[in-house]
Amino acid sequence: MIAIQHEDVDIGRLINDAKRAGTGAVVVFDGVVRDDDIREMELEAYEEVARRELEKIAEDATRLHDLFHVDIIHRIGRLSVGENILIIVVSAGHRPEAYAGSRYIIEEIKKGVPIWKKELTRDGGRWVPGEHPHGSGKSE
């Protein structure tokens, strides 16, 4: 499953769905809103382009790392501290491939999939540098 959505996901179900014949490893990455002196995080995406890029990243990871299964779910909207932002679930025949595939996916997403984060604080908000759609990264 490749998705950009407001709703959270059932990570346990994703893990079960990733197990195929020959699976020897399932790796889960769960990126969460961290308490960095913020109240909430607001995430925006250029959804059509971002989804296409996530699909390409999943295809490349599958080919390069011999993955059996890939899920990438990136949430958008307002999220509170502790909520899931990005969930990546991969499976492979062996753990080195599963770990490498998961790492490849997160690094490729960070290179420029059009999804932006704004940290909301008591004093307003600020786009995370290098990841904002509407300006220079200065506080708003």
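Bear in mind that the values in this text are calculations on the coordinates, not laboratory data. Treat the numbers as computed from the prediction; the structure is a model and nothing was measured. Note: ideal-geometry Cβ built from the backbone for every residue, glycine included; neighbour counts use all protein chains shown.
Rounded to the nearest 20 debye, what is the charge dipole size of the chain about its Cα centre when +1 sits on each Lys and Arg Cβ and -1 on each Asp and Glu Cβ?
240 debye
Quick one: 3J(HN,Hα) in Hz for the stretch 8-14, Karplus 6.51/-1.76/1.60 with θ = phi - 60°, rounded, Gly and Pro as x.
My calculation for the stretch 8-14 gives 6, 10, 8, 4, x, 5, 4 Hz in order.
Calculate for the chain the 222 nm mean residue ellipticity that helices alone would give, adding -39,500 (n - 2.57) per DSSP H run of length 4 or more and normalising by residue count, nearest 500 deg cm²/dmol.
-10000 deg cm²/dmol
Among the GluC sites (Glu not before Pro) within the stretch 1-66, which fall in a DSSP loop and have no more than 12 other Cβ atoms within 10 Å of their own Cβ?
Loop-located and lightly packed - 7.
Defining a contact as two alpha carbons under 8 Å apart and six or more residues distant in sequence, what relative contact order in percent does the stretch 49-105 show?
37 percent
Which Cα, out of 2, 49, 25, lies furthest along the positive dipole direction of the stretch 1-89 (beta carbon charges, K/R +1, D/E -1)?
Toward the positive end, the furthest listed residue is 25.
Pairs on different chains or at least eight residues apart, Cα atoms closer than 26 Å: how many lysine pairs in the chain fit?
Qualifying lysine pairs in the chain: 10.
What's the exposure ranking of 81, 9, 89, going from fewest to most Cβ atoms within 10 Å?
Ranked by crowding around the Cβ, least crowded first: 81, 9, 89.
Tell me the relative contact order for the chain as a rounded percent, counting alpha carbon contacts under 8 Å between residues six or more apart.
32 percent
For a quick check: with amide H placed at 1.01 Å from N, whose amide H comes under 5 Å from residue 76's, ignoring anything fewer than 5 positions away on the same chain?
Here the answer is 5, 6, since their amide H atoms fall under 5 Å of that of residue 76.
Highest GNM mean-square fluctuation, the chain, Cα pairs closer than 10 Å: which of 78, 51, 63?
Maximum fluctuation in the GNM of the chain, among the listed residues, is at 63.
In which sequence would 64, 86 go, from the one with the fewest C-beta neighbours within 10 Å to the one with the most?
So the residues, fewest neighbours to most, are 64, 86.
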